[in-house]
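Below is one structure; the comments refer to it alone.
FYI, it's all coordinate maths here, none of it is from the lab. Here the structure is a predicted model, which is why all the values come from computation and not from measurement. With ideal geometry, Cβ positions are generated from the backbone for all residues, glycine too; neighbour counts draw on all protein chains shown.
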Amino acid sequence: MVFKWIGLVALGLALASCSGEGFTSHTRQFSGVWLYEFEGSTFVEGATEIPTERPAAEEMDWLEWADWPDLENLMEKRLGNGDCYTVQPFLVTFVGRRTHHPFGGAGHLGLWRSTVTVQRPISAKRLGPSFCYDRLRPKSMGWTPPDGINVPKWRC
């Protein structure tokens, strides 16, 4: 009998995660780095610089926004050249809400842990040119290649 109830609770939780619903927090101010790319919209809350390694989607937030003209003016229209999908880095501040998805389900293919939805934009600043995480980054980005390694062209 106990196993029957445990099974029903587990089934209920599994079905709830499929609904796309989550637990929404209160409205507050957010600040951090937004990494915009093809099929990706990763928000790294509290960051002020571009992460040196690609953040894992399941540990980050998906940033969702509807109307932010100042940000749209900073964005490049092209997101890749076939070699890679470029990442466009921005420092953003806004008022919004976070919706936690305890079983995953945020963003493209449900890979992100939560969605942060912009309700009122405050500021947006581009942090540098577009780049690719799958290529070595130059010294100007705070990375020094090991001896004997030539740094390839990194801007797509």
Could I have the simple spin-label model distance between Glu64 and Gln119, label points 7 Å from Cα toward Cβ, reported in nm to one decimal? 1.4 nm
Cut-off is 10 Å between beta-carbons; in what order do Phe30, Phe103 appear when sorted fewest neighbours first? Phe103, Phe30
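For the range 21-128, rounded, prolate or oblate, judged on the Cα gyration tensor with a ≥ b ≥ c (square roots of eigenvalues), a/c < 1.5 rounded, else prolate if a/b > b/c?
oblate
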Please compute the modelled spin-label separation between Ser31 and Glu45, points set 7 Å along Cα→Cβ, answer in nm with one decimal. 1.5 nm
With labels modelled as points extended 7 Å from the Cα through the Cβ direction, what inter-label distance (nm, one decimal) is found for Lys77 paired with His100? 4.2 nm
Just want to confirm a number: the relative contact order over the range 21-128, from Cα pairs under 8 angstrom separated by 6+ residues, in percent. 36 percent
Full-extension gain between Ala56 and Leu127, please, as 0.36 nm times their residue separation minus the C-alpha to C-alpha distance. 23.6 nm
